[in-house]
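Asker: My questions all concern the structure below.
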Amino acid sequence: MLLLSPVLTAQVNTVGVYLSESINSPNAINNRLHWESVRTAEVVSEDKSIDLKESKGLTSLRSLLIPGWGQIRAGRKLKGYIFLGAEAALITAIFTNRAYSRWMEDDYKAFAMQHAGISQDNGHLWYVDIGNWMNNADYNEQRLRDRQFEAIYNSPGEEWQWDSDDSRREFKSMRIASDRAEQNALLLTGAVILNHLLSAVDAGRTKTKTQSISLNTDTNGSVSIGLKLLF
């Protein structure tokens, strides 16, 4: 009798099983091979996960560009909308003040043409002097006394004469209102810049969120991808 070792006997038995299955069913070998590959996948496969954490620098940069953006991205929506709302309100106020300033400027220039007899635009400082003096003769006389010869208006088109002191006062109030509106627009522009900086600093202190991407393989050989957001 021929003696076989246990390992060789197991291999022969396995071959015998495969031969028997191949005779009984044409798809038997393929089915068994698929089952073996699935069992191997169960042993070898494991869950894979990758954490993608947004840097604080990127969060701050977002809020520096658009106030509130970094906070909203990080999940602090209320704080983000506060910064964003402040930005919208400030920009609206800037355009409103500048539009009012231009409107008043057109009005006081037209008013001076009608009541002071001016014929041309000689610059903002000239309009300031028009509102402080009844006519250019009184103004020039005072400049001569102060020996400020370079400030004298003696060129054609620089003269004026108000029809009444009330008209001069009304003109002056219109001119001051226009100037104040323009100054308010400049201050609001500074507030916009400050809002950007404060939003960026606040966003830098915000706890950034982590995006976790997981890759799973089940016993059927299918692959699933999951996304988890951690704040």
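Asker: Would the range 137-149 turn up any residue that is among the aliphatic types (A, V, I, L, M), over 30 Å from L64 (Cβ atoms) and free of Cβ contacts under 8 Å to residues at least 60 places away in the same chain?
Answerer: Taking the range 137-149 first, the residues among the aliphatic types (A, V, I, L, M) are 137, 144.
Add one more test, that the residue is over 30 Å from L64 (Cβ atoms), and what stays is 137, 144.
Filter again for free of Cβ contacts under 8 Å to residues at least 60 places away in the same chain, leaving 137, 144.
Yes, the range 137-149 has at least one match.
Asker: Would you confirm, using the coordinates I've provided, whether D202 is charged (D, E, K, R) and under 28 Å from D107 (Cβ atoms)?
Answerer: Numbers: charged (D, E, K, R): yes; under 28 Å from D107 (Cβ atoms): no.
When the stated conditions are applied, D202 does not pass them.
Asker: In the range 54-82, which residue that is in a helix (DSSP H, G or I) and touching a Phe, Trp or Tyr at 6+ places or on another chain (Cβ under 6 Å) is surrounded by the fewest Cβ atoms within 10 Å (Cβ to Cβ)?
Answerer: Taking the candidates together, the pick is R62.
Asker: Output yes when any residue across the range 83-91 is free of Cβ contacts under 8 Å to residues at least 40 places away in the same chain, in a helix (DSSP H, G or I) and farther than 25 Å from Q183 by Cα, and no when none is.
Answerer: No, the conditions are met nowhere in the range 83-91.
Asker: Ok, one more. Kindly provide the set of residues from the range 164-210 that are at pLDDT below 85 and either closer than 18 Å to L61 by Cβ or in a helix (DSSP H, G or I) (or both), ordered by number. Give the steps one after another, and end with the answer.
Answerer: Step one: list which residues in the range 164-210 are at pLDDT below 85, which gives 206-210.
Listed by number, the residues that qualify are T206, K207, T208, K209.
One line per residue, one yes/no per condition, for (1) in a helix (DSSP H, G or I); (2) within 51 Å of the chain's Cα centre (by Cα); (3) surrounded by fewer than 13 Cβ atoms within 10 Å (Cβ to Cβ):
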position	(1), (2), (3)
D121	no, yes, yes
G131	yes, yes, no
N140	yes, no, no
E150	yes, yes, yes
Y153	no, yes, no
E158	no, yes, no
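Asker: Between a residue in the range 166-180 that is surrounded by fewer than 16 Cβ atoms within 10 Å (Cβ to Cβ) and any residue that is among the hydrophobic types (A, V, I, L, M, F, W, C) and not in a helix (DSSP H, G or I), which pairs come within a Cβ distance under 9 Å, given they are 6 or more apart or on different chains?
Answerer: Partner pairs satisfying both residue conditions: none exist.
The values are calculated or read from the model by the stated rules, or taken from the named source; none is laboratory data. Here the structure is a predicted model, which is why all the values come from computation and not from measurement. When we count neighbours, we look across all protein chains shown, and the Cβ atoms used for this are built from the backbone with ideal geometry, even at glycine.
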